[in-house]
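A short worksheet on the structure shown next.
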Amino acid sequence: MAGFRKVPAPTLESVAARAGVSRATAGRILSGKAGRGENSKAVHEAAAELGYVANYAARSLMTRRSDAVAFVVSEPEESVFLDPFFATVLRGVHEGVAARERQLTFIIVSSEHDRHRLQQFIVGGHLDGLMFGAFHGADSLPDAVRALGIPVVQCGRPHEADDDLAFVDADNVGGGRAAAGYLLDRRAFVVHVAGPADMTPAQDRRAGFDLELAGRGLTATQDRTVHAPFTVQGGREATEVLLDRHPQLDGVVAASDAMAVGAIQALTARGRRVPEDVGVVGFDDVPLAEAAQPPLTTVRQPIRQMGREVADLLLDQIDGRSGPRHVLLPTTLRVRGSA
């Protein structure tokens, strides 16, 4: 086109010259390897003014790092996208990763083919570290990744104690105990709609429920619990089983807010009013809890903070700031209208 003149792309050298620093200093600042100060401010302002974008491909060849990490969930797609827990924890993960100027990849592994593709992706050098959601049962995938020299952090307590595997979890035992205690102070016969028996969050919430009942002299509690998926349907079906088993029940501790909503549906269908006839307590405190009818009394776990902590633990390992650590975050009871 007549009169058109291609303007050369800004370079690291031109950014350094504009900021009045050396090329090496500008490179360290833009790669996040230098502290904050006057030079840092000048370099970032110069990069913005010139429209400079770092050449990440060239940098990765020099550093042998991709500056990308992944959050991996081993669940069916429908479970991931229907459960507000995943969206909230992923939001926290993204905040933590973005604050450290890295790229985040979200990966669902729901088949052996998915696992194989993930392992190939890792071997190809595309990821500097991985964050895993809670697994159904013990899973060899985190160990396989660590064997490749890739840092790993798990969101949720692993099934087997491992000092070398970093994880972030909420106090599920304490939360389960608080939920049971709140209802037992007000109701005569309390049951538990538990999550999947092969997942550690469900195991720990049930442990809290059982501990509270045992502390009150109620030891034969096996038939008060039914395990089901962390879904509305799972909560509804488990509550139906418990209503058939214990028609006198007047309190339900559900292992998630979605399950609590399902419990309310089952109770309503049987002509039982919430909270007049039966009190219901959930777990998570996702937006669904406050929007439910009636609004859910629930155990709040800091899901978004969990995501940020998971990201920080992983990036600290990658950057050599610390080794694997275990973080347990507190839970609190939020009282609303359902109990």
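Structure data summary
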{"read-out": "Filter pass, ASP319 being within 27 Å of PRO158 (Cα to Cα) and buried (at least 23 other Cβ atoms within 10 Å of the Cβ)", "value": "no"}
{"read-out": "Qualifying residue in segment 211-230 (condition: under 25 Å from the mean Cα position of the chain (by Cα) and in contact (Cβ under 8 Å) with a residue 60 or more places away in the chain)", "value": "yes"}
{"read-out": "All positions within segment 78-131 that are modelled with pLDDT of 90 or more, open to solvent by 70 Å² or more (accessible area, probe 1.4 Å) and closer than 28 Å to SER256 by Cα", "value": "ARG91, HIS94, PHE106"}
{"read-out": "Enumeration of residues in segment 322-339 that are among the hydroxyl-bearing types (Ser, Thr, Tyr), surrounded by fewer than 21 Cβ atoms within 10 Å (Cβ to Cβ) and at pLDDT 95 or above", "value": "THR332"}
{"read-out": "Residue selected from segment 132-151 under the condition of a type in the set (A, V, I, L, M) and in contact (Cβ under 8 Å) with a residue 40 or more places away in the chain, by the criterion surrounded by the fewest Cβ atoms within 10 Å (Cβ to Cβ)", "value": "LEU141"}
{"read-out": "Exclusive hit being modelled with pLDDT of 70 or more and open to solvent by less than 80 Å² (accessible area, probe 1.4 Å), set ALA34, ALA58, ALA68, ALA54", "value": "ALA68"}
{"read-out": "Search result, residues across segment 152-189 that are open to solvent by 40 Å² or more (accessible area, probe 1.4 Å), in contact (Cβ under 8 Å) with a residue 60 or more places away in the chain and touching a Ser or Thr at 6+ places or on another chain (Cβ under 8 Å)", "value": "ASP171, ALA178"}
{"read-out": "Options ALA214, ALA260, ALA254; residue that is farther than 19 Å from LEU296 by Cα and either open to solvent by 10 Å² or more (accessible area, probe 1.4 Å) or in contact with a Gly (Cβ under 8 Å, 6 or more places away or on another chain) (or both)", "value": "ALA214"}
{"read-out": "Selected residue (only one of ALA46, ALA17, ALA26, ALA42 is over 30 Å from LEU141 (Cβ atoms), in a helix (DSSP H, G or I) and modelled with pLDDT under 85)", "value": "ALA26"}
{"read-out": "Hey, THR225 touching a His at 6+ places or on another chain (Cβ under 6 Å) and either open to solvent by 60 Å² or more (accessible area, probe 1.4 Å) or modelled with pLDDT of 95 or more (or both) or not", "value": "yes"}
{"read-out": "Filter pass, ILE318 being in contact with an Asp or Glu (Cβ under 6 Å, 6 or more places away or on another chain) and not small (Gly, Ala, Ser)", "value": "yes"}
{"read-out": "Per-region count, segment 190-211, residues assigned to a helix (DSSP H, G or I), open to solvent by 10 Å² or more (accessible area, probe 1.4 Å) and of a type in the set (A, V, I, L, M)", "value": "2"}
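The values are calculated or read from the model by the stated rules, or taken from the named source; none is laboratory data. Source: prediction; values computed, not measured. Note: ideal-geometry Cβ built from the backbone for every residue, glycine included; neighbour counts use all protein chains shown. These accessible areas exclude ligands, DNA and RNA; they are computed on the full protein's heavy atoms, side chains included. Shrake-Rupley method; radii C 1.70, N 1.55, O 1.52, S 1.80 Å.
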